[in-house]
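Below is one structure, written out as structure tokens, with a few remarks after it.
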Amino acid sequence: MIVAMSSGICAEELVADSLRALYKNKLSTEDDSLLYELCHQISYTSKTPDVKLKYSNLAYAHALSYGGKTQQAAAKFLSVAPYLKKMELDSAINALFVAEGIYRECDKMQGVASCYVGLADIYKRNNEIDKAELYYKKSIHILKEFELGSRIAATYMNLGELYRKTERYSLAVEYLKKSDSIYRGLKNECYSSYCIGNIGLVYTAQNKLDSAEIFLYNSIGVLEPLGDNYAVSSYLDGLAEVYFKRKQCGKAEQTSLKSLRLAQDYKLKEQVRDASLRLSTIYNQSKEYDKAFFYHKQYVAYRDSINNEEIIRKIANLRTKYEVARKQAEVDEEKEQKERYLIVAIAAVSVLIVLSVLVFIVLKISRYRKKVNQKLNEQRQELANANATKNKFFSILSHDLRSPLATFHSYSEVMDLCANHEDLDKLKEISREMKSSSANMLDLLDNLLQWGVNQMGTKKSVPANVSLRDVVLMEVRHLQHVSDKKKIEVCYSIEKDTTLFVDRVKLAMTIRNLLNNAIKFTPSGGKVTLSSHHEGARTILKISDTGVGMTPEQRDQLFDFSKINSTYGTQNEKGVGLGMQLVCEFVKQSKASIKVESELGVGTTFILLFEDQGGEGACG
């Protein structure tokens, strides 16, 4: 007679009242998740259908506000019980379908199983036994996957009760025993007693009276102290039937009267009806016709009252059947539509994937071709540069080296004549000229070879800590014969502890070229000064002369190396323009910078700036 309900036996209304007061105090808060929990608990604990329904709907509204999908489904499911109590079966069905859809969307199959149980209960009320059985079993199938013992046991009990009412007693006992076994394992004595009592009712119907008495008596013994009057009254009536079938009319009468008083005290109409009929039958058997008549009249009165309610329920059930069929049709249509959308989506995604693959392949081929073309262009440019370098190299060799060599040839002829005439003074003069020319040609060759190496990129810079003073002194001595010849004073002021982290050979060549240029473009009797100082983290080297200077146009074109032009000093000293290009390349490799200050007729100053931390090298 007893069917397992998810809310337990009963809930204290006092708890619900205190929760409602707390909810009113918290309405000002914007925490919808907290308000949802309060509403959910109020609806769950309250026994009043209107209160349960109100707060389940409020819980749903709060869940919508903060986007809790699972909570929305739970609130909708919670509204099913009050709708059923109020006989609003169409609303109950709608709530179940909404909850089932949300649970399935969230892949919460336990929630789907609960909705199946709800639908099975409604089908059972409509006497659609096959559908009720189907949905109970579908729910059990899902719950077994999650090993949810208590919920499986409750569904077993509901299915067993369905079989008992349809007189399939063997199946009823089988499923009630399965439920009892689970509840015993969970140590849930109350629900185990429901299973025992219902099995006792099945045994009564099967006339297994000894077993029925034991099962019913044990169940009543557990439930009576718990105050579960509905179950106790029903099982007492079953026990009275056992005694009546044994012809123990006295025991049957006492047990049935106890059931009736309990039902009347707690206004349990169905139990009053059943107990009145049982007493009428007992008194008719014992020929106490006045009592039999009294209880029969009471039975008829309660029966008619319940039948009126039953008629209303049947009308509602007819409406429910229509609503269930309509909702089922809507669900089927929605599933078909989703399947169609899924097919279209899969086709669209497949096309997009194919197109994406094709675009990727085309882009990859395009990028590969671009890289290949870029590499070919780079190689073509490198070949062109190499060819241009070769042409410049041979042009310098053929023109600028030919003149010094021709001079040496002329000097050799003059020396031969002087030797024949024993003109020693002239030989000494020619010897000095040859020494100066050979030094210039040696510098030219050094610059030419270094430039060629730089152009080919075969030699890497090897930086180290270099004493600036040592390199300057070495180069001043190296060019002393040139400065002495032109009677140019070369002064230097370099701090002893000044060091630079650079390539020593290239630093020496740079200072040599700048010093040589200063001497070259300074007239006799002039002055060249080399000095250094520190400015914060920078070391600054200056090479100044009192030479001819440069125009602004000449200064701006100083670092334009698109062509190499020969230049002549104050005494027609010839250069090929490679020295300044080597200076600029050293500056860039050393991440230093170079500036030029010049005034026509006054002189020129080259300023080299070396950063301690390094930077981007720059010329000009």
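Compute, for I152, the solvent-accessible surface of its heavy atoms (probe 1.4 Å) with the complete set of protein chains present, and express it in square angstrom to the nearest 10.
The accessible area comes out at roughly 20 Å².
Roll a 1.4 Å probe over the protein heavy atoms and report the accessible area of R164 in Å², nearest 10.
The value for R164 is about 40 Å².
Which of the peptides 462-468, 272-278 is most tightly packed, and how do the rest follow, judged by the mean count of other Cβ atoms within 10 Å per residue? List each step's numbers first, then the result.
Details: 462-468: 14.6, 272-278: 24.6.
By packing density, highest mean first, the sequence is 272-278, 462-468.
Checking the cross-link filter: which lysines have an alpha carbon closer than 22 Å to that of K69, excluding same-chain neighbours under 8 positions apart?
K52, K54, K108, K327, K335, K338
What are the ³J(HN,Hα) couplings of the stretch 193-199, residue after residue, when phi is run through the Karplus curve with 6.51, -1.76, 1.60 and θ = phi - 60°? Round to Hz, x for glycine and proline.
Taking θ as phi minus 60°, the curve returns 5, 4, 4, 4, x, 5, 5 Hz for the stretch 193-199.
Working with all protein chains in place, sort T204, T605 by solvent-accessible area computed with a 1.4 Å probe, largest first.
On the way: T204 5, T605 30 Å².
Greatest to least solvent exposure: T605, T204.
Could the peptides 473-486, 183-196 be put in order, highest first, of the mean number of other beta-carbon atoms found within 10 Å of their residues? Intermediate values should be presented prior to the final figure.
On the way: 473-486: 15.9, 183-196: 19.1.
Ranking the peptides 473-486, 183-196 by packing returns 183-196, 473-486.
Taking Cα centroids, how far is the stretch 49-117 from the stretch 164-227 in Å?
31
Could you work out the local net charge near E495, counting Lys and Arg as +1, Asp and Glu as -1, over the other residues with Cβ closer than 14 Å to its Cβ? It would help to have the intermediate numbers written out before the result.
Working: positive: R469, K496, R538, K542; negative: D470, D497, E535.
Local charge sum for E495: +1.
On a 1.4 Å probe surface of the protein chains, which of R367, R538 comes out largest in accessible area, and what is the full order? Working shown, then result.
Numbers: R367 155, R538 75 Å².
Largest accessible area first, the residues go R367, R538.
Which order do K487, K258 take when ranked by solvent-accessible area (1.4 Å probe, heavy atoms of all protein chains), largest first?
Values: K487 155, K258 90 Å².
Greatest to least solvent exposure: K487, K258.
The values are calculated or read from the model by the stated rules, or taken from the named source; none is laboratory data. These figures come from a predicted structure and were not determined experimentally. Virtual Cβ from ideal backbone geometry, glycine too; neighbours counted across all protein chains shown. Calculation scope for accessible area: heavy atoms of the full protein, side chains included, ligands and nucleic acids excluded. Shrake-Rupley method; radii C 1.70, N 1.55, O 1.52, S 1.80 Å.
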